[in-house]
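This report concerns only the one structure given below.
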Amino acid sequence: MGKYSIAVFRGDGIGPEIMGPTLRVLERLCPDRFEWVDCPAGAAAYLDQGTDLPAASLDAARQADAILLSCLGDPAVRFPDGTEMTPQIDIRIALDLYAGVRPVRIVPGLRTPLADPGAVDFVLVRESTEGLFHTQGKGLVEADHAEETLRLTRKTTEKVCRFAFRLAEQRRAKGHPGRVTSVDKANVFRAFAFWREVFDGVAVDYPHLTADHAYVDAMALWMVTKPAAWDVMVTENMFGDILSDLGAGLMGGLGVAPSADIGDDHAVFQPCHGSAPDIAGRGIANPAAMILSAAMMLDWLGERHGDAAMTEAGARLTAAVDACLGAGETTGDLGGSLDTEGAAEAVLARL
Ligand code: ATP
């Protein structure tokens, strides 16, 4: 197999600090398999080029086999109207990355706020292109009222539900229960009754899997009280945004929460966290979420190209990070004593 071209968004804040060691880990794990294409974007790019998502970067992302992104934006650098820049959301829309994949796993030994978490290993699939983000940046604000619009289309809802069922199918082959839970608010909003109807329609094609429903407020409770009960859940954009941070909290913090935004033709792999300006430049950011996101990229490339070496490398990398986290070989946010470079070296040592 040849080399994969990877668009690399080093980003703002702690972004470059966690991306550098991640690329080094990938180069050591899979020598000569990657070509990195640097893509400026975010606050630094805005100050430098006057745009937070230069056309050349978006083009490079479109051409690449996969996209690795750390974190973009800086609360101190804003557009003239006062809003923060979120080019990662623009990339999701431009490349139609409708399935936001947010794994929530608590490996033994990981410092988590839960006293007795049990075997937590579920995946939250967040629809990432519509929902309540439909009017993002275009909401109506008048003197005495404000409005945003939630939009769900049959096409995208069906695609994201199908994605969740296919994921549950793949996970079932690895010993998971084969269950998909639709998280919605169908008891109050007609749009979510529509979501449920589409979900149920897709479920018919997967009779060997279990399909069920939960209201989002109940799910927020159950993710804390019975986190080991879930396999795959699928939900609307804003609900997913909130629940994925709850998932990160269950794992012990944002420093360890990976994610992928996947469409039919492209995929971005990026940690759940932002650019953490409060700790940027100190070399103490946890690289685990970034490295685990890179492992998801290896797995995705392996599956997409039938490249067993990538699949195997993804599994080895995840296992190495898990082993480090379980043994406390990590950064201060998770109770460890290593700096960013030290935490990445610990992963390499495990490999
Ligand atoms: P955004 O809105 O851009 O997603 P946010 O407001 O959620 O960002 P983050 O930048 O993710 O905020 O940071 C939230 C908190 O988590 C901060 O205190 C930050 O220092 C911490 N944090 C985030 N990522 C990491 C990391 N990789 N290692 C250690 N701490 C982190």
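The values are calculated or read from the model by the stated rules, or taken from the named source; none is laboratory data. What you see is a predicted model, and the numbers here were worked out from it, not measured in a lab. In this analysis, Cβ positions are derived from the backbone assuming ideal geometry, glycine residues included, and neighbour counts consider all displayed protein chains. SASA here: full protein model, heavy atoms, side chains in, ligands and nucleic acids out. Shrake-Rupley method; radii C 1.70, N 1.55, O 1.52, S 1.80 Å.
Look through 143, 99 and report the one residue that is surrounded by fewer than 18 Cβ atoms within 10 Å (Cβ to Cβ) and more than 15 Å from the ligand (Cβ to nearest atom).
Details: 99 fails: surrounded by fewer than 18 Cβ atoms within 10 Å (Cβ to Cβ).
Every option except 143 fails the conditions.
Exactly one residue out of 295, 220, 248 is open to solvent by 20 Å² or more (accessible area, probe 1.4 Å) and outside any strand (DSSP E or B), and it is 220. Out of (1) without any contact (Cβ under 8 Å) to a residue 40 or more places away in the chain; (2) in contact with a helix residue (DSSP H, G or I) (Cβ under 7 Å, 6 or more places away or on another chain); (3) part of a helix (DSSP H, G or I), what's the single condition that is false for residue 333? Failing condition for residue 333: (1).
Restricting the stretch 59-85 to residues that are open to solvent by 70 Å² or more (accessible area, probe 1.4 Å) and within 16 Å of the ligand (Cβ to nearest atom) leaves a set whose member that is modelled with the lowest pLDDT is 84. Inspect the stretch 308-321 for any residue being out of contact with any Lys or Arg (no Cβ under 7 Å at 6 or more places or on another chain), part of a loop (DSSP other than H, G, I, E, B) and modelled with pLDDT of 95 or more and give the result as yes or no. Looking for residues that are out of contact with any Lys or Arg (no Cβ under 7 Å at 6 or more places or on another chain), part of a loop (DSSP other than H, G, I, E, B) and modelled with pLDDT of 95 or more, one finds none in the stretch 308-321, hence no. Of the helices (runs of 4 or more DSSP H) lying entirely inside the stretch 1-114, those carrying at least 3 residues that are farther than 27 Å from residue 307 by Cβ and out of contact with any Ser or Thr (no Cβ under 7 Å at 6 or more places or on another chain) are 43-49, 87-94.
Scan the stretch 273-287 for residues that are within 18 Å of residue 43 (Cα to Cα) and either more than 10 Å from the ligand (Cβ to nearest atom) or open to solvent by 30 Å² or more (accessible area, probe 1.4 Å) (or both) and the total you get is 6. Of all the residues in the stretch 198-217, those that are open to solvent by 20 Å² or more (accessible area, probe 1.4 Å) and either outside the structural domain of residue 235 (by TED's automatic domain parsing) or part of a loop (DSSP other than H, G, I, E, B) (or both) number 5. Against the numbered list (1) touching a Pro at 6+ places or on another chain (Cβ under 8 Å); (2) within 14 Å of residue 125 (Cα to Cα), residue 156 comes up short only at (1). Screening residue 90 on (1) away from the ligand (no atom under 16 Å from the Cβ); (2) touching a Leu at 6+ places or on another chain (Cβ under 7 Å); (3) charged (D, E, K, R) shows it passes everything except condition (1). Taking the criterion of being surrounded by 20 or more Cβ atoms within 10 Å (Cβ to Cβ) and not hydrophobic (A, V, I, L, M, F, W, C), the only residue of the stretch 337-351 that qualifies is 340.
Out of everything in the stretch 298-312 that is more than 19 Å from residue 259 (Cβ to Cβ) and touching a residue at least 24 places away in the same chain (Cβ under 8 Å), what residue ends up being surrounded by the most Cβ atoms within 10 Å (Cβ to Cβ)? Checked the stretch 298-312; the qualifying residue surrounded by the most Cβ atoms within 10 Å (Cβ to Cβ) is 307.
Taken over the stretch 183-196, the criterion of being closer than 19 Å to residue 158 by Cβ and loosely packed, with under 13 Cβ neighbours inside 10 Å is satisfied by 190 alone. Taking the listed residues 295, 285, the one that is touching a residue at least 12 places away in the same chain (Cβ under 8 Å) and touching a Pro at 6+ places or on another chain (Cβ under 9 Å) is 295, with no other qualifying. Checking each residue in the stretch 230-243 for being touching a Gly at 6+ places or on another chain (Cβ under 9 Å) and open to solvent by 10 Å² or more (accessible area, probe 1.4 Å) picks out 238, 239, 241.
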